[in-house]
Number of protein chains: 2
Amino acid sequence: MEQRALWNISYGVYIVSTWDGERPTGCIANSVMQITSEPATVAVSINHDNYTNRCIEKSGRFAIIVLAEDSDPSIIGTFGFKTGKDMNKFDSVDYKIIDGMPIVNDGCAYIICEVINKMETDTHTVFLGKVSNADFISKGVPMTYAYYHKVIKGKSPKNAPTYIADERGENMATNAEAKYVCGVCGYEYDGDIPFEDLPDDYVCPVCGEPKSVFVKQD
Amino acid sequence: MEQRALWNISYGVYIVSTWDGERPTGCIANSVMQITSEPATVAVSINHDNYTNRCIEKSGRFAIIVLAEDSDPSIIGTFGFKTGKDMNKFDSVDYKIIDGMPIVNDGCAYIICEVINKMETDTHTVFLGKVSNADFISKGVPMTYAYYHKVIKGKSPKNAPTYIADERGENMATNAEAKYVCGVCGYEYDGDIPFEDLPDDYVCPVCGEPKSVFVKQD
């Protein structure tokens, strides 16, 4: 079995938001799909280990913010690589409350849902949400997961890795050149300036962590 | 509520295949997503009215063929706009049997699943499949739903409809020019030659139906 064949499934990039009691919280998700149109329902798959999972479980509501190609990549760092258990992720972003749900003002659309069913698996919960409200935020083009890895991570290995390797940002290039990878989010530095020569205040463009968390890989 | 905001969710284009007793059958689906990685499971949403739904229900198995940007568009016509109840859709395509499942030889990857759970909604069943096998078919780039509507349908309305209108191929252009739309699959003719001047043996490039099924819309 070639597990990488599953990487050919196409996804978008989303923030799934909800409430932890008084505090808004959320995480990045790719596994989102509409299930029915009348009434409109949407399914989202969230890992059990993700703090957002238990918060959706408690609150019975979630919102999906569809990120756009021009969304600030640091949002993915904040919502994708940190936990809302210890911090308020919304402190660092512009957002508003719509129908009682926290909606980040950086994306192309939002969808607000009430949980009406769920399916459990070993590691993830698939929440089925009935859409109570939805609207555009901007005229941006929805970001796909492929776009995120190809364009935002800016990977362009010199020894022509397969499309899939490029697609997922896996380090499958066969050249032996040293790479610097963010130890927090996995972003691989690929700029023209040698990594060592970057200024000390360089931060990961994806998750915002400092230069010091980057790990050299041969 | 702006229902069109839901169109900003990104999808791929897939054939979901299974068996109707002795005969292979299948349909086009967009709602496919991986749910867990260990063990690998994939969810697919299939309408109750779709013949493939009851065949998956009976056989307990399905396969997903990930279509590529260079897949033959007529496959989408065959699998998406006709029913396997009355015909063998596989008669018109090249396919092979892998692990007992019918796999169309035109796409970039296949994923074979056994149904281990399901979630019912008013109109669709979300089947959860445990992946028993998966592999690449070609090095093609996975087709996204946006690509299908933008490139294969080749829509380019003159009066700049919104991205969403373009994305979904909806007829939202404000010009009053007559359009010819395939009555079977909804493909909108947008070629340089006036539709009336096309040869009599012109067929819909998406579903293969003859010129006579096209409907003039003002």
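Derivation of every value follows stated rules applied to the coordinates shown; laboratory data play no part. Here the structure is a predicted model, which is why all the values come from computation and not from measurement. Neighbour counts run over all protein chains shown; Cβ positions are idealised from the backbone, glycine included.
At an R0 of 25 angstrom, the distance between the Cβ atoms of residue A:105 and residue A:58 translates into a FRET efficiency of 0.50. Only the Cβ atoms of Lys and Arg (+1) and of Asp and Glu (-1) were treated as charged; on that basis the dipole of segment B:1-111 about its Cα centre amounts to roughly 300 debye. The slack in the chain from residue A:37 to residue A:72, taken as 0.36 nm per residue of separation less the alpha-carbon distance, amounts to 9.5 nm.
Arranged from fewest to most other beta-carbon atoms within 10 Å of their beta carbon, B:36, B:41 become B:36, B:41.
Within the protein assembly as shown, A:27, A:55, A:108, A:113, B:27, B:55, B:108, B:113 have no other Cys Cβ under 4.7 Å of their Cβ and so lack a disulfide-compatible partner by this rule. Normalised by the number of residues in chain A, the average gap of Cα pairs under 8 Å and 6 or more apart makes the relative contact order 20 percent. The charge dipole of chain B, taken about its Cα centre with unit charges on the Cβ of Lys, Arg, Asp and Glu (plus for the first two, minus for the last two), comes to roughly 500 debye. Each of A:195, A:127, B:136 was scored by other Cβ atoms within 10 Å of its Cβ. Arranged with the fewest first, they read A:195, B:136, A:127. Just so you know, the Rg over Rh for the protein assembly as shown is 0.98, from Cα atoms, with Rh as the Kirkwood radius.
Evaluated at q = 0.11 Å⁻¹, a Debye calculation over the C-alpha positions of chain A (equal weights, vacuum) places log10 I(q)/I(0) at -0.58. Stokes-Einstein diffusion for segment A:10-136 at 37 °C, viscosity 0.692 mPa s, with a Kirkwood radius from C-alpha pairs, works out to 230 µm²/s.
In order along segment B:72-77, the phi-based Karplus estimate (6.51 cos²θ - 1.76 cosθ + 1.60, θ = phi - 60°) of 3J(HN,Hα) comes to 5, x, 5, 5, 5, x Hz; Gly and Pro are listed as x.
Between B:103, B:55, A:80, the Cα set farthest toward the positive side of the dipole of the protein assembly as shown (charges on each charged residue's Cβ, about the Cα centre) is that of B:55. Extension gain, residue B:94 to residue B:203: 0.36 nm times the residue separation minus the Cα-Cα distance gives 37.2 nm. Across peptide A:61-69, the average count of Cβ atoms from other chains found within 10 Å of a residue's Cβ is 1.
Here is how far apart the residue A:197 label points are across copies: 5.9 nm, shortest first, using a point 7 Å from Cα toward Cβ. Set the Förster radius R0 to 45 Å, insert the Cβ-Cβ distance between residue B:193 and residue A:22 as r into 1/(1 + (r/R0)^6), and round the FRET efficiency to 0.05. Given R0 = 45 Å and the Cβ-Cβ separation, E is 0.10. Working note: Karplus 6.51/-1.76/1.60 with θ = phi - 60° gives segment B:132-141 the couplings 9, 7, 6, 6, 7, 9, 8, 9, x, 8 Hz, where Gly and Pro are set to x. Compared with the alpha-carbon gap, the fully stretched path from residue B:1 to residue B:218 is longer by 75.3 nm at 0.36 nm per residue.
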